[in-house]
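Mind having a look at this structure? Questions to follow.
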């Protein structure tokens, strides 16, 4: 992808910043733990080996919410390094408190917009896996343009996941699952993994979170979609044109 194309102004975001109430404990987490777990957005590519102090496979979770799944992954999979991106400060504070409690050493997080972090801070082919679990479905048709999973975003993400890597999507909105499949089917950098995706087929590495259980209690079927990163084709990027 052409780096100048990445720098174009992004006018439609996939979130509306509704902070809600941040607890005193979550607020203290920024003062006490941010220098340990946080990465300040600076708009430049990161040396991830330097960030973690080692070279290891890297997994990125985009929109980790309250951090429940990311905290579990970091604790139970110490051989890999985990990166997280979330815009909502209460969830970031909650995750940092959990990481500090368990003395987790392999998780770092951004409290910033996911597209800007991917575009500006994560090097090309730096990730072994990307996870986007239960992003905002924006169910109203007039809001579909706000959905995170769009062709330009899928194309950008493909430049950051190395060939042979994995993209794991999950949603409890069937219409959004169909939208995801339609978008990814148009991307030559991604190939749906046959036989391992579909409704109610949660892989063992994705724990069932409280958010997911709430959706299931409401009768929402959960869909997991697994995509392998295939070698890039020699086409010219149109990201954010």
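Among the residues of region 170-190, which ones are closer than 20 Å to residue 206 by Cα and surrounded by fewer than 15 Cβ atoms within 10 Å (Cβ to Cβ)?
174 - this is the single residue of region 170-190 that is closer than 20 Å to residue 206 by Cα and surrounded by fewer than 15 Cβ atoms within 10 Å (Cβ to Cβ).
Hey, another quick one. Looking at (1) surrounded by fewer than 20 Cβ atoms within 10 Å (Cβ to Cβ); (2) under 23 Å from residue 73 (Cα atoms), which is the one condition that is false for residue 111?
With respect to (1) surrounded by fewer than 20 Cβ atoms within 10 Å (Cβ to Cβ); (2) under 23 Å from residue 73 (Cα atoms), residue 111 is out only on (1).
Which residues, taken from region 94-103, are within 17 Å of residue 39 (Cβ to Cβ) and surrounded by fewer than 24 Cβ atoms within 10 Å (Cβ to Cβ)?
Of everything in region 94-103, just one residue is within 17 Å of residue 39 (Cβ to Cβ) and surrounded by fewer than 24 Cβ atoms within 10 Å (Cβ to Cβ), namely 100.
Name every residue in region 32-50 that is in contact with a strand residue (DSSP E or B) (Cβ under 7 Å, 6 or more places away or on another chain) and more than 19 Å from residue 162 (Cα to Cα), in order of residue number.
The answer is 37, 38, 39, 41.
Identify, from the list 71, 56, 42, 50, the residue that is in contact with a helix residue (DSSP H, G or I) (Cβ under 9 Å, 6 or more places away or on another chain), part of a helix (DSSP H, G or I) and either at negative phi or surrounded by 24 or more Cβ atoms within 10 Å (Cβ to Cβ) (or both).
71
Each reported figure results from applying straightforward, stated rules to the coordinates on display, with no laboratory input. Quick caveat, the model's predicted, so the values are computed rather than measured. Cβ atoms come from the backbone with ideal geometry, glycine included; neighbour counts cover every protein chain shown.
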